[in-house]
Amino acid sequence: MDPLIVFFGLSVGIIVGLTGVGGGSLMTPLLLLAGGYSPVIAIGTDLAYGAVTKTLGGWRHLRAGHVDLRLSWWLAAGSVPGSLIGVFTLDRLLAAHGDAFEPYLLGMVAAALMLAGGATLYRALFRPGLVAKERDQAVLEGSVSKAGTVAIGFLLGFVLGLTSVGSGALVGLVLIMLYKLKPRRVVGTDVFHAALLLWSAGLAHWASGNVDCALMGTIPIGSLPGVWIGTAIVPYVPVAALRTALGIVLAAASLGVLTKAGVDVPIGVVAAVPVVLGVLSWLVVRHRPAPATAGHPIDAMDARASA
């Protein structure tokens, strides 16, 4: 048992417990940059372990009535096959190009991390609270019809199968921006759908030999207690600020992964990006009107998203 991996699991678990996002987005770059694992093993193992933790959270939210089941199934109708095609595409590219493809795979992971970081920052800075248009049930018509929902799910699933990034940050933003769900429904639907999606992607990576079973067994030793700790301290921690910090960390991690891919990113840029994003975030928060008060306890603490 590697104590470093247990520590990674604990740290990521606490962040997931506090913010509801960050599992795949944080664990994969940690395994790549600090753990020294190959990209495909980091991606496959991250997805496989995430399936277990998200299942626990999804079941809890389902029993609590926080899941829009119809929306979850329509998203899964696209995301599950999309994730399988993402894994298949990754396997074909690795089979065709071998180790020469790894820098390109790292580049795709970096791009997905940057996208997840941007989505997390947008959610934290520009969608911090509940507004009157948000609802308990998604309306599947117009631009977000059933067919459109399947297509959106397919794209999200493909990105996740290929890079392991997006089950929380990207799906959560979609549920807020396109379907206008209330925070407690965003949380429940996101976690429940993520369980379905991660099982399909995780099993596909396992069948392809991309899962390190020993590593997968070690991560939950830290992550499960971490999730419990994070969830327990939600009332005492400024979750909005943590979401902003997480978005900045994901953006910085994307630059770190780019350097591992062989891209010459000056150290000054790597150091300056988090600082600039931090200052810009502070300016946005400082000049932002006070959000409306939510009417449900979990609306105010939607970070109980976690698994």
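The values are calculated or read from the model by the stated rules, or taken from the named source; none is laboratory data. A quick note: this is a predicted structure, and the numbers were derived from the prediction, not measured. Counting neighbours? That spans all protein chains shown, and the Cβs are built from the backbone with ideal geometry, glycine included. When the accessible area is computed, the model is the full protein with side chains, heavy atoms only, and any ligands, DNA or RNA have been set aside. Shrake-Rupley method; radii C 1.70, N 1.55, O 1.52, S 1.80 Å.
Here are some notes:
- Where residue 243 falls short, out of the listed (1) assigned to a helix (DSSP H, G or I); (2) more than 25 Å from residue 119 (Cβ to Cβ): (2)
- Being touching a Leu at 6+ places or on another chain (Cβ under 7 Å), in contact (Cβ under 8 Å) with a residue 60 or more places away in the chain and more than 27 Å from residue 252 (Cα to Cα) is a description that applies to residue 68.
- The set of residues in segment 55-72 being at pLDDT 80 or above and charged (D, E, K, R) consists of 63, 68, 70.
- Filter result for residue 104 (in contact with a His (Cβ under 9 Å, 6 or more places away or on another chain), assigned to a helix (DSSP H, G or I) and surrounded by fewer than 21 Cβ atoms within 10 Å (Cβ to Cβ)): yes
- Hey, residue 44 assigned to a helix (DSSP H, G or I) and either within 15 Å of residue 157 (Cα to Cα) or without any contact (Cβ under 8 Å) to a residue 60 or more places away in the chain (or both) or not: yes
Conditions (1) at pLDDT 85 or above; (2) of a type in the set (Lys, Arg); (3) not in a helix (DSSP H, G or I), marked per residue:
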site	(1), (2), (3)
174	yes, no, no
187	no, no, no
192	yes, no, no
210	yes, no, yes
216	yes, no, no
221	yes, no, no
229	no, no, no
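- Cross-chain or 6+ apart pairs with Cβ under 8 Å, segment 135-164 first and free of Cβ contacts under 8 Å to residues at least 40 places away in the same chain, then buried (at least 16 other Cβ atoms within 10 Å of the Cβ) and of a type in the set (Gly, Ala, Ser): 144/138
- Condition met for residue 147 (small (Gly, Ala, Ser), more than 15 Å from the chain's Cα centre (by Cα) and at pLDDT 90 or above): yes
- Condition broken by residue 251, with the remaining ones in (1) in a helix (DSSP H, G or I); (2) open to solvent by 60 Å² or more (accessible area, probe 1.4 Å) satisfied: (2)
- Subset of segment 120-143 (residues that are open to solvent by less than 80 Å² (accessible area, probe 1.4 Å), modelled with pLDDT of 80 or more and either under 20 Å from residue 25 (Cα atoms) or not in a loop (DSSP other than H, G, I, E, B) (or both)): 120, 121, 125
- Verdict on residue 77 being in contact (Cβ under 8 Å) with a residue 24 or more places away in the chain, within 26 Å of residue 180 (Cα to Cα) and open to solvent by 20 Å² or more (accessible area, probe 1.4 Å): yes
- Yes/no for residue 153 being open to solvent by 10 Å² or more (accessible area, probe 1.4 Å), part of a helix (DSSP H, G or I) and small (Gly, Ala, Ser): no
- Consider segment 235-245 and keep the residues that are touching a residue at least 60 places away in the same chain (Cβ under 8 Å) and more than 15 Å from residue 126 (Cα to Cα). The one that is surrounded by the most Cβ atoms within 10 Å (Cβ to Cβ) is 237.
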